[in-house]
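The values are calculated or read from the model by the stated rules, or taken from the named source; none is laboratory data. The shown structure was predicted, so the numbers you read here are calculated from the model rather than taken from an experiment. Neighbour counts are summed over all protein chains in view; Cβ atoms, including those assigned to glycine, are modelled from backbone coordinates with ideal geometry. When the accessible area is computed, the model is the full protein with side chains, heavy atoms only, and any ligands, DNA or RNA have been set aside. Shrake-Rupley method; radii C 1.70, N 1.55, O 1.52, S 1.80 Å.
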Amino acid sequence: MQHKPVITADALSPDWMGAAARPLPDRVRSAGQTVSGSSHHDTPVAAPTTSMWRSALRWVRDAAIGLAIITSIPLVVIATRGDVLRLNDSDLSTRIAQVEKLRVLRLPTTSELSPLAAGHLWHATDVTAKHGMFPVHPAAEPAERGWQHASLSDAMFADIGRRDAHLLQSSEVLRAAQGALSASEQQYLRTVAESPIWGDIDRLASAGAVDVIGARYVLPFRADATPVLMPIPRFATTKEIAYAGLSRAAYHLSQGEPERAEHALRSVLSYGFVMLDNGTSAIEGLIGRVMVGIASEGLHTLYTITGNAAGAALTAPITDATSLTLGARDGTTEQRLIAVAGDPTVPRTIRLESLRALAFSSCTNVRGTLLGPSAASDAAFDEARRTLARYPSEVALIELMQDAANRPPGGSEIAAKRDWLLLGAASVASTVLNNPRIQTCTRVLGAYR
């Protein structure tokens with residue numbers, strides 16, 4: 001086989017090669033090259049390797065700068081907006097303080113129900129909404145509420161306010177019961193008063209203690225459970241019971257039984273105090289306060305009708321701004337929350353709500369977000385486990401609260417679309433720094449906008 005001649009640079013004319021045919025300057029040729037004049041095969045040069053390393057280093061530098069910028073975005077938000085995380089308990093504490101004097105009207109407590117049995121009864125009365133990360137126990141079938149099947153025509157109790165087509169919501173129904181009632185009005189009151197649900201309500205109203213969490217949720221809590229997404233009861237049924245209690249009392253009064261009318265209203269009032277004393281959130285405390293208020297209004301009307309001057313004075317509408325002194329009002333947000341959570345004179349619902357807020361106190365500043373909660377915060381949770389928790393379920397709840405900042409909410413459940421870019425940056429920062437608090441704090445702060 002005839003080999004084709006190899007065309008080399010020496011065989012090409014200078015016009016063809018142009019500038020490439022001219023010898024390279026020594027400064028260029030000496031840049032890491034070893035040139036042999038006796039061989040046409042050059043030794044591999046180091047210049048491309050050096051260039052590759054430099055490109056890689058530039059890429060790493062640019063990536064590091066980009067990550068630093070992305071990481072700084074949520075930290076800037078935390079630094080500038082962290083102060084919005086505080087417990088706004090002034091209104092709730094004032095409202096609770098206003099009804100404390102009515103505690104003397106609570107029905108005597110009994111040991112008929114164990115705390116867990118009372119919790120199951122409460123759970124059946126107002127079922128908690130389901131959430132995937134918080135499985136709830138199946139609730140017993142609630143007893144019948146007669147008013148749900150009774151209709152109020154426009155002619156019935158025409159001058160009395162009503163909640164809907166089935167339920168009156170004014171204590172004026174007690175005054176109406178003193179007068180002449182139509183047959184349909186009398187039948188309506190009887191239907192409400194004889195509803196099977198009242199047996200459960202009277203038992204629950206006399207409960208000494210209630211294990212709400214143990215009866216409501218499947219324990220232990222799941223590893224992915226996020227406290228900020230913890231479901232709570234809807235409470236629509238609870239308020240129905242309070243308003244229906246007015247009609248129940250009115251029926252007994254129309255039958256000439258003022259003592260049974262008083263018992264019916266005190267049962268609703270006692271149910272409200274059960275919520276205040278055993279609830280685990282501010283909303284449960286608020287609903288309990290509402291129930292006490294509705295019952296108090298009915299009792300005031302009843303005592304006025306029956307000439308009970310002392311009772312009427314005790315239940316008179318509240319006009320002053322009586323409030324509780326909840327711990328230290330000065331100091332940092334964290335110091336105030338710790339003081340409220342540790343104050344045994346403060347209602348349990350507010351103490352637990354203070355702990356829930358305290359868990360996010362590390363989100364109020366960059367240092368806490370990066371390094372975690374303070375020793376004082378950890379000590380407050382330790383103290384709560386020893387003195388505030390009554391059952392293993394409440395210990396589990398407090399431990400879940402304490403770990404809240406390390407459990408970022410999944411998906412976009414508490415995020416608006418406008419925050420997706422910010423939350424994306426927070427997710428990257430949390431992953432890079434192996435710090436879930438960055439993502440959690442950013443999401444929680446976004447919810448306060």
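Kindly state, to the nearest 0.05, the FRET efficiency for Ala236 paired with Asn434, given R0 = 41 Å and r defined as their beta-carbon distance.
0.40
Rounded to the nearest 0.05, what FRET efficiency is calculated for Gln335 and Asn406 with R0 set to 30 Å and r the Cβ-Cβ distance?
Step by step, r from the Cβ atoms, then E = 0.85.
Evaluate the distance, in nm, between pseudo-label points positioned 7 Å from the Cα of His131 and of Arg390 along their respective Cα→Cβ axes.
2.4
Keeping all protein chains in the complex and leaving out DNA, RNA and ligands, what accessible area do you get for Asp378 with a 1.4 Å probe, in Å² to the nearest 10?
Accessible area of Asp378: about 60 Å².
How much length is gained on full extension from Gln148 to Ala180, taking 0.36 nm per residue of separation minus their Cα-Cα distance?
9.1 nm
Could I have the simple spin-label model distance between Trp53 and Ile318, label points 7 Å from Cα toward Cβ, reported in nm to one decimal?
With each label point 7 Å from Cα toward Cβ, the separation is 7.6 nm.
Please sort 240-246, 100-106 by packing, taking for each peptide the average over its residues of neighbouring beta carbons within 10 angstrom, highest first.
Values: 240-246: 25.4, 100-106: 15.1.
Per-residue mean Cβ counts within 10 Å order the peptides as 240-246, 100-106.
Compute the label zone of Thr110 within the range 121-155: residues whose backbone N is under 20 Å from the point 7 Å along Cα-to-Cβ.
Counting backbone N atoms under 20 Å from the label point, the list is 121-125, 143-144.
Rolling a 1.4 Å sphere over the protein heavy atoms, what is the accessible area per residue of the range 115-270, to the nearest Å²?
Dividing the accessible area of the range 115-270 by its residue count gives 41 Å².
Long-range amide H contacts for His137: which residues qualify at under 5 Å (H placed 1.01 Å from N, peptide plane, sequence gap of 5 or more or a different chain)?
Tyr217, Val218
Taking the Cβ-Cβ separation of Ala158 and Gln255 as r and a Förster radius of 22 Å, what is the calculated FRET efficiency to the nearest 0.05?
In this case the efficiency is close to 0.50.
Determine the dipole magnitude for the range 242-399: charges of +1 sit on the beta-carbon of Lys and Arg, -1 on that of Asp and Glu, nothing else is charged, the reference point is the Cα centre, and the result goes in debye to the nearest 20.
100
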